[in-house]
Amino acid sequence: MEREVRVRFAPSPTGPLHIGGVRTALYNYLLAKKVGGKMILRIEDTDQNRFVPGAEDYILESLKWCGIELDESPVVGGPYAPYRQSERKPMYMQYAMQLIESGHAYYAFDTAEELDAMRERLKAAKVATPQYNSITRNTMRNSLTLPEDEVKQLLDSGAPYVIRLKVPRKEEIRLKDLIRGWVMVHSSAIDDKVLMKSDGMPTYHLANIVDDHLMQITHVIRGEEWLPSAPLHVLLYRYLGWEDTMPEFAHLPLLLKPDGNGKLSKRDGDKLGFPVFPLRWTDPFTGEVSSGYRESGYLPEAFVNFLAFLGWNPGTQQELFTMDELADEFTIERIGKSGTRFDIQKARWFNEQYLRAKPDAELAKYLLAALEEHNISCTQEKAEKIAGLMKERVSFPQEFWREASYFFVAPTEYNEKVATKKWNSQAVAVFEDFKNELPALQNFNADSVKELLLGILERHNMKIGQVMQALRLAVTGAEAGPDLMQIIEVIGKEETVSRIGTAIEKLSQYATA
Ligand code: GLU
């Protein structure tokens, strides 16, 4: 019988979630959603030394913002609760014991000093990677080298110990990765990994395999950095007798820095000029703040669409996908093998597309919120009109105010370049007439304003192209923007007249020619 697809995202709460982690969560979610399976969040917090307060909440909030819904999690619970490994602590020892009993694991009593001494010895003997492994274990203090009664006595006396996996000396370990195909690793490359630590906590490797098994996980989709651990995981499944239900593995290619040189890492923070975290993060220890996509003005739909394409493609020209469409199209086979360069311009492009697709009424909300902060009142109708005029020109919601404040506040500064090039006495002569005749204009709107201006230009024997930029400068202070006649319609007769008057005064030094 086909098993129900069950995938998990298994972050460690050691800090903010990196965008690479969000992508991993997204691909897991898309697979589950595509086939009607289950998406599970498991918090892997067995390494208490690396625990960071607030990290788990941050993970949950990030997933929620992206629209990644969890069927089972530490918050909603589920049939395999608890979903936090620290709360599952009592479950792991029995599996470590099972491995000891079947001869696949052993107790090791070596102190930190003894381990250091071993590494020094190996280094001196020019061993490239000194490891506790099938050869060196024979020289150490463990239940394979010590007499049985001494082991018993050590255990009875409460001496500290770890439990290590007994990795075979010569064995080819094969595993089929859904993205990379067959991966072969020789067991001599793997050390005798610690499975249980001296504090009674399992390590990542043991806890991860036990939980994936108990939680009936069918697919492990995770970052490429875990590929070197995968052969070890295969051994664990085998030794625990769970090979029949071992999940399928898919190791995702790395996200690379924009120049392709190396992995995009958490430490890149804001150094590259864009966020590497979904939400803003304040480090609880140092107070350092790292920016997030949400706070930078990215819409979650755009962020998700962008992330989906960092490593996957649908095989067609279509680029805009809702979450439902992504799930329909998603297949692991279409995930690329090589690393994907991060391209923030593409993220911006996605954001522009999603902004433009929103109805003006919704975009008006961004503007109205900013206006409220600045204590400026504005009708819904006017806000909608401005949003509609601006939407082709902005990439982020906050720009509705930043780029369009001239709809509400008269310019105090004028673009210098335009003033030098375009402000001249002929234009000023046209503007004087325009300002004088505007107040009497009937049916004031973009069309009638334009007609009036064209009439005046004709009298002056001039073309509209000769004054347009200067008029925009007078009304908005800016070099570019949406249709000027529409802007004038929105700001109104009186305000336009007053702004033109002010500009004529303030820009007089340019009007010599
Ligand atoms: N806890 C691991 C991490 O932080 C999980 C790796 C896996 O998915 O197996 O990435």
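The local environment of Thr502, defined by Cβ-Cβ distances under 14 Å, has a net charge of -2 under the rule Lys, Arg +1 and Asp, Glu -1. For the pair Ser338 and Glu325 in one chain, pulling the backbone fully straight at 0.36 nm per residue adds 2.2 nm over the alpha carbon distance. Testing the spin-label approximation: label points 7 Å from Cα along Cα→Cβ at Asn443 and Ala410. State their distance in nm. Each label point is offset 7 Å from its Cα along the Cβ direction, giving 3.0 nm.
Each Lys and Arg contributes +1 and each Asp and Glu -1, all at the Cβ; summed about the Cα centre of the stretch 367-513, the dipole is approximately 420 debye. Pairs spanning more than 30 Å between alpha-carbon atoms, out of Lys33/Lys176; Lys89/Lys337; Lys421/Lys450; Lys64/Lys89: Lys89/Lys337. Please give the net charge around Leu326, taking every other residue with its beta carbon less than 10 angstrom from that of Leu326, where Lys and Arg add +1 and Asp and Glu add -1. So the surrounding residues net to -2. Between Ile464 and Glu495, the FRET efficiency estimated from the beta carbon spacing at R0 = 22 angstrom works out to 0.50. Along its principal axes, the stretch 289-403 has C-alpha extents of 53, 32, 20 angstrom, given from the largest down. Using just its DSSP H runs of length 4 or more, each adding -39500 (n - 2.57), the chain gives a mean residue ellipticity at 222 nm of -12500 deg cm²/dmol after division by all residues. Annotation: extensible slack from Ala429 through Thr282 equals 47.3 nm (criterion: 0.36 nm per residue apart, minus Cα-Cα distance).
The Cα-based radius of gyration of the chain, divided by its Kirkwood radius, gives an Rg/Rh of 1.17. Backbone geometry of the stretch 369-383 corresponds, through the Karplus equation with coefficients 6.51, -1.76 and 1.60 at θ = phi - 60°, to 3J(HN,Hα) couplings of 5, 5, 5, 4, 4, 9, 6, 10, 8, 7, 6, 4, 4, 5, 4 Hz, x marking Gly and Pro. In this simple spin-label approximation, Ala361 and Leu115 carry label points 7 Å from Cα along the Cα→Cβ vector, and these lie 6.3 nm apart. Taken one residue at a time, the phi angles of the stretch 217-223 give Karplus couplings (6.51, -1.76, 1.60, θ = phi - 60°) of 5, 9, 9, 9, 10, 8, x Hz. Gly and Pro are set to x. Using a simple spin-label model with pseudo-atoms 7 Å out from Cα toward Cβ, Ser198 and Glu248 lie 4.4 nm apart.
The fraction of Cα-Cα pairs per 10 angstrom bin, counted from 0 for the stretch 1-71, comes to 21, 50, 23, 6, 0 percent, rounded to whole percents. Taking amide H positions as modeled 1.01 Å from N, with prolines and chain starts lacking one, the residues under 5 Å from Arg6 and 5 or more places away or on another chain are Lys38, Thr218, His219. Computing FRET efficiency as 1/(1 + (r/R0)^6) for Glu372 and Glu295, where r is the C-beta to C-beta distance and R0 is 22 Å, gives about 0.75. Between Arg393 and Val35, what FRET efficiency follows from the Cβ-Cβ distance if R0 is 30 Å, with the result rounded to 0.05? With R0 = 30 Å, the Cβ-Cβ based efficiency is 0.10.
Given q = 0.09, 0.11, 0.19 Å⁻¹, what are the Debye log10 I(q)/I(0) values for the stretch 167-290, with equal point scatterers placed on the Cα positions and solvent ignored? Rounded to two decimals, the profile gives -0.37, -0.54, -1.08. By definition, a body whose alpha carbon gyration tensor gives a ≥ b ≥ c is prolate when a/c is 1.5 or more and a/b is larger than b/c, and the stretch 363-513 fits this prolate description.
Each reported figure results from applying straightforward, stated rules to the coordinates on display, with no laboratory input. Only a predicted model underlies this, so the values are computations on that prediction, with no experimental measurement involved. Ideal geometry is used to build each Cβ from the backbone, glycine not excepted, and the neighbour counts take in all protein chains shown.
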